[in-house]
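Below is one structure, written out as structure tokens; the observations come after it.
The values are calculated or read from the model by the stated rules, or taken from the named source; none is laboratory data. Quick caveat, the model's predicted, so the values are computed rather than measured. Ideal geometry is used to build each Cβ from the backbone, glycine not excepted, and the neighbour counts take in all protein chains shown.
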Amino acid sequence: MQRVVKNLGYLKPYTNFLALYENHFFLSRCKPPLVWNPGQVINGNELASLIFEKIRSHLADVFSMHRRIIPPTLGYILVGKNPDSCRYVALKKRACLHVGIIPYGFEVESTISQSSLEAIVEEMNNDKKVSGIMVQLPLPPHLDPESINSLIRPDKDLDGLHPFNVQSLSSSLF
């Protein structure tokens, strides 16, 4: 069944993202069983389940094709006990486990020094098991988020905040 998108107005950016997502990762192998009509309310849980299933399936295909033994790993760093940040990281960890990605990270006190946080980022950069790194923002005021984000290797920067990735995005080089 083909996906139909007509005059969605404010939902247009969302549908473009979904189409880009499908084309990039799944090409023509997986067609979603959804037909959207103008003004139709989208069931977010159903859509999330569909996307999770596609990611899980895609990861299984990648594992079988490349005979990869170590599953992809999300490296995260959570500084402090900000309730919003803790909730966001918990949701990311749950989503990772749902699709077969291993969440691995550091949850450190808000009193951590800049140099100690930089050492953690370097450790994750050098860990071959860590596929991508996310530093949960906002950081406490005594820490410099720009210098921390610039330490993350561009190929492991999941948030796209490394200066190279920001420049690539703004100049459409990706």
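Quick notes
Yes or no, residue by residue, for (1) acidic (Asp, Glu); (2) in contact with a Pro (Cβ under 6 Å, 6 or more places away or on another chain); (3) at pLDDT below 95:
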site	(1), (2), (3)
Ser113	no, no, no
Ile120	no, no, no
Ser150	no, yes, yes
Lys156	no, no, yes
Leu169	no, no, yes
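- Output for the stretch 95-125, where each listed residue is of a type in the set (A, V, I, L, M, F, W, C), in contact (Cβ under 8 Å) with a residue 40 or more places away in the chain and in a helix (DSSP H, G or I): Ala95, Val99, Leu117, Ile120, Val121, Met124
- Residue tally, condition surrounded by 14 or more Cβ atoms within 10 Å (Cβ to Cβ) and basic (Lys, Arg), over the stretch 92-118: 2
- Test: residue in the stretch 34-49 that is at pLDDT 80 or above, closer than 30 Å to Ile120 by Cα and surrounded by fewer than 16 Cβ atoms within 10 Å (Cβ to Cβ): no
- Within the stretch 55-81, considering residues that are in a helix (DSSP H, G or I) and modelled with pLDDT of 80 or more, the one farthest from Leu137 (Cα to Cα): Asp61
- Against the list (1) out of contact with any Gly (no Cβ under 7 Å at 6 or more places or on another chain); (2) at pLDDT below 95; (3) surrounded by 16 or more Cβ atoms within 10 Å (Cβ to Cβ), the condition Phe174 fails is (3).
- Only residues that are exposed (fewer than 13 other Cβ atoms within 10 Å of the Cβ) and over 15 Å from Glu107 (Cα atoms) were counted across the stretch 123-144, and they come to 5.
- If only residues of the stretch 130-174 that are in a loop (DSSP other than H, G, I, E, B) and of a type in the set (Asp, Glu) are counted, the one that is farthest from Ser116 (Cα to Cα) is Asp159.
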